[in-house]
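Down below is the structure, laid out as structure tokens.
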Amino acid sequence: MIRQHLLSICLASAALCLSSTSAFGQAMGAHGDDFLYRVVAGDTLGDLATRYTSGWSTWTTLQSLNHVQDQARLPIGQVLKIPFSLILELPSTADVSYMAGQAALDGRPLQLSSSVAEGQAVSTQADGFVTLKLADGSVLSLPASSTMVVKRLRVFKGTGLIDIKVEVGQGTLESHVAPKHEGVGRFEVRTPVSVTGVRGTRFRVHFSSSQGARSEVVQGVAGVEAPHGADVMLKAKQGMAVDASGASLGVRELLPAPLLSKPADGGGSMTIAPVEGASGYLVRVAEDPDGTKMVSSKLFSSNRIDYAAPGPGTYYLLVRAVDNIGLGGLDARQAFAGKPVLQGYGGAPVLSGYGLPILVSDY
């Protein structure tokens, strides 16, 4: 069984990963049952106890736990543990900011206006895509044929820091954590064979019962645990695979982004320059360059790919190489125009009786 504590992530390099100018920029994620905080000039245990816990009086508990000699003179850069049992938390929700195709919340059709709470499950069908936005601005994207259960979803009272645990039962979860650079309270993604703990990170977690789990860090750092392997810290542009038995397949550098030529308007086919080490290419089309508003996703076994836009407007072609153990590389992206529409006087699109633009191909 996977240990219940999370790997302490790259404490020595925390100063490079977090901004010291933000009020809560020294929040460093979690280690087991403790929240981690890196000391900055002017911090005292009393101030930290007041900010994060039930009150100033708990500073003595923090002093004992962290072996602090003088609570008013904390060494800058020292990493302090603050037990989650002392931190006041409030319930939170995740709002559905985008969806396409078929998706469900606890087995019922998901709506764009839905909010996801602690204990609820989100699933997407073969044509479904869902993006959730958390209270701190973090974004979770669930592509097609994926399932996720929100095991814990809370917010630190008075700070806005998130405490979230999600479990991926099948498919993929892609995330951009703490985009405002105010740090992370706790952000943990579990699969049946791995635990990934992150902060200030763009990362992906994939799971299938036959292949096991894959963790890929695009930006930032993440700690990964597996039942039959040492705890590992992943840096930016690194990934790690864990097979279906829970054995680690080691850390690898992610494959570089493919070189893309300008996509044809409306869609088409192209042959991209092969990426060394690639066994396939994941090709997605989205309404935004980050891929949080996805409209299609397909895995190709060769470097001959095709793509299409579902309608008018600007779309983005995103392509990543996938290696022989299933780790996805960095994304290449190119904007392209969607399908042309009929235009009336002044260039305004001509609408159908349903209020939708009429495509030239349909005229």
In deg cm²/dmol, rounded to 500, what helix-only [θ] at 222 nm does the chain give when every DSSP H run of at least 4 residues adds -39500 (n - 2.57) and the total is split over its residues?
-> -1500 deg cm²/dmol
Simple label model, 7 Å out from Cα along Cβ direction - Ser113 to Asp47, nm = 4.5 nm
From the list [x] 22.3, 75; [y] 22.5, 79; [z] 19.4, 57, can you say which value of Rg and Dmax of the Cα atoms in Å was derived from the structure given?
-> [y]
Under 15 Å from a point 7 Å along the Cα-to-Cβ line of Val40: which residues of the stretch 75-90 have their amide N that close?
-> 76-80
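Find how much the distance from Ser209 to Ala104 grows on full extension, using 0.36 nm per residue of separation minus their present alpha carbon separation; answer in nm with one decimal.
Numbers: separation 105, 0.36 × 105 = 37.80 nm, distance 2.10 nm.
Roughly 35.7 nm would be gained on extension.
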How many angstrom separate the Cα center of the stretch 26-43 from the Cα center of the stretch 200-242?
-> 22 Å
Long-range amide H partners of Gln219 with built H, under 5 Å = Arg202, Lys237
For the chain, accessible area per residue (1.4 Å probe, heavy atoms of protein chains only), Å² | 45 Å²
Take Ile325, Ile164 and sort them by solvent-accessible surface of the protein heavy atoms, 1.4 Å probe, largest at the top.
-> Ile325, Ile164
With θ set to phi - 60° and the Karplus curve 6.51 cos²θ - 1.76 cosθ + 1.60, what are the ³J(HN,Hα) couplings of the stretch 72-83 in order, to the nearest whole Hz, using x for Gly and Pro?
-> 8, 10, 8, x, 4, x, 5, 9, 9, 9, 10, x
Hey, which lysines would be in cross-link range of Lys165, C-alpha to C-alpha under 27 Å, not counting anything within fewer than 8 residues on its own chain?
-> Lys81, Lys133, Lys151, Lys157, Lys180, Lys235, Lys237, Lys293
Percent carbon-and-sulfur accessible area, the stretch 27-95, ignoring ligands, DNA and RNA, probe 1.4 Å = 52 percent
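How much FRET efficiency would the formula 1/(1 + (r/R0)^6) give for Asp33 and Gln69, where r is the Cβ-Cβ distance and R0 is 22 Å, rounded to 0.05?
0.35
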Carbon and sulfur: what percent of the stretch 104-229's accessible surface (1.4 Å probe)?
-> 48 percent
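The values are calculated or read from the model by the stated rules, or taken from the named source; none is laboratory data. For clarity, every value in this text was computed on a predicted model and none was experimentally measured. For neighbour counting, all protein chains shown are included, and Cβ atoms are generated from backbone atoms with ideal geometry for every residue, glycine included. Heads up: the accessible areas ignore ligands, DNA and RNA and are worked out on the full protein's heavy atoms, side chains in. Shrake-Rupley method; radii C 1.70, N 1.55, O 1.52, S 1.80 Å.
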